[in-house]
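*Asks:* One structure, pasted below without further comment.
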Amino acid sequence: MLNEEKAVVVFSGGQDSTTCLFWAKQQFAEVEVVTFDYGQRHKLEIECAAAIARDLNVQQTVLDMSLLNQLAPNALTRTDVEITHEEGELPSTFVDGRNLLFLSFAAILAKQKGARHLVTGVCETDFSGYPDCRDSFVKSMNVTLNLSMDYPFVIHTPLMWLDKAQTWKMSDDLGAFDYVRERTLTCYNGVIGDGCGECPACKLRKAGLDRYMEQRSAGASVGADV
Ligand code: ZN
């Protein structure tokens, strides 16, 4: 049933947050998005997010978070830092406390907008290992936000326990599979849709898509037999 309240989605224009945006639009009567500009390698990420927000007719607030780059030069914002991900180590795209900061700023904005629901596409199952994307952190953060602003925030993490194939399934169930596939930007090299195919983000996205497409065609042939 539609929740009559208002939600703010933390929104980057990538596969995960766009799927969350479709989910939120189905769940809540009113939805807005907040996008963080922290000097991403590709300004295109901000433009892509703005285009999706326009397409889906949701109000977008872009917040300047360029201080993140000052605190933690990293591969997402600095072209002189290579994107690497060694087994068992945090990838070079990691920024300490990034999600902590994003959720804090999103909550402050949400309260100003009269929204108490926050939606974020963080996930424990994509193996990136960011500590501030784990479920235990998000629950702790929820309590902290409520205490800090004396306001009953609820943080929703619809992707927390999904793998990438299940996230594709969710977009399909929401009727947004083609849109998410063609219009979102996950690629570190700034290629919209299926991406460059080479970077770690593209490989993760493609592996999930391939697995989901197998399940989907298997399901379709089962359906055809009935
Ligand atoms: Zn790529």
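The values are calculated or read from the model by the stated rules, or taken from the named source; none is laboratory data. From a predicted model like this one, the values you see are computed outputs, not experimental measurements. Neighbour counts run over all protein chains shown; Cβ positions are idealised from the backbone, glycine included. Heads up: the accessible areas ignore ligands, DNA and RNA and are worked out on the full protein's heavy atoms, side chains in. Shrake-Rupley method; radii C 1.70, N 1.55, O 1.52, S 1.80 Å.
*Asks:* Give me the distance in nm between label points sitting 7 Å out from Cα along the Cα-to-Cβ direction at A29 and L174, one decimal.
*Replies:* 2.1
*Asks:* Roll a 1.4 angstrom probe over the protein heavy atoms and tell me the percent of accessible area of the range 142-226 that is carbon or sulfur. Could you put the intermediate results ahead of the total?
*Replies:* On the way: 2510 of 4570 Å².
Roughly 55 percent, rounded to a whole number.
*Asks:* Which far-off residues, 5 or more places away or on another chain, put their amide H under 5 Å from the one on T61, with H placed in the peptide plane?
*Replies:* V33, V34, T35
*Asks:* Skipping prolines and chain starts, which residues have an amide H placed within reach, meaning under 5 Å, of the one on V119, given they are 5 or more residues away or on another chain?
*Replies:* V8, V9, V10, H156
*Asks:* Points 7 angstrom from Cα along the Cβ direction at W161 and N57: gap in nanometres?
*Replies:* 3.4
*Asks:* If one computes the Cα centroid of the range 151-226 and of the range 43-63, what distance in Å separates the two points?
*Replies:* What the calculation gives is 19 Å, centre to centre.
*Asks:* Given G129, G193, V143, which one lies farthest toward the positive end of the charge dipole of the range 126-226, if we put +1 on the Cβ of every Lys and Arg and -1 on the Cβ of every Asp and Glu?
*Replies:* G129
*Asks:* Placing unit charges on C-beta atoms (Lys and Arg positive, Asp and Glu negative, everything else neutral), compute the dipole magnitude of the range 101-226 about its Cα centre in debye, rounded to 20.
*Replies:* On the way: 14 positive and 15 negative charges, 75 e Å.
Rounded to the nearest 20 debye, it is 360 debye.
*Asks:* Using 1/(1 + (r/R0)^6) with R0 = 25 angstrom and r between the beta carbons of E47 and K113, what's the FRET efficiency to the nearest 0.05?
*Replies:* Approximately 0.60, to the nearest 0.05.
*Asks:* Leaving out ligands and nucleic acids, and using a 1.4 Å probe, what accessible area per residue does the range 108-226 come to in Å²?
*Replies:* Details: 6100 Å² over 119 residues.
Roughly 51 Å² per residue, with all protein chains present.
*Asks:* Something else now. Please provide three numbers in whole Å: the alpha-carbon extents of the range 157-226 along the principal axes, with the largest listed first.
*Replies:* Largest to smallest, the principal-axis extents are 44, 26, 19 Å.
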